[in-house]
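Notes to accompany the following structure.
What follows is calculated from the coordinates using simple rules that are stated; it is not laboratory data. This structure is a prediction, so every number in the text was calculated from the model and none was measured. In this analysis, Cβ positions are derived from the backbone assuming ideal geometry, glycine residues included, and neighbour counts consider all displayed protein chains.
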Amino acid sequence: MTKAILLLSGGLDSLLAGKILLDLGIALEAVNFTSPFCRCTPKASGCSAAQKAAEQLVIPLRVFAKGEEYGPCTILHVFDQ
């Protein structure tokens, strides 16, 4: 059986991509990266939209928290250049 990792944001695009891959018979495991930008849920709990999407697709979800180094200061620094 073919296996793949799905980067699952919880948005429509990643949900549909997951559905198509499942329909093709590909076994999926979802990955979600949280960041300081996500305001939908507390930082430690992961993105609720990604969790809901994984439940709808009936696939396992692994959540990885990115650190504060990915916060607004980094972005401002990039734009200052």
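Spin-label model, V58/L16: points 7 Å from Cα along the beta carbon direction are separated by 2.3 nm. Close amide-amide hydrogen proximity is noted between A65 and T34, each under 5 Å apart and 5 or more residues distant or on a separate chain (H modeled in the peptide plane; Pro and chain starts excluded). Full extension of the chain between D23 and I5 yields a length gain of 5.0 nm, computed as 0.36 nm times the residue separation minus the alpha carbon distance.
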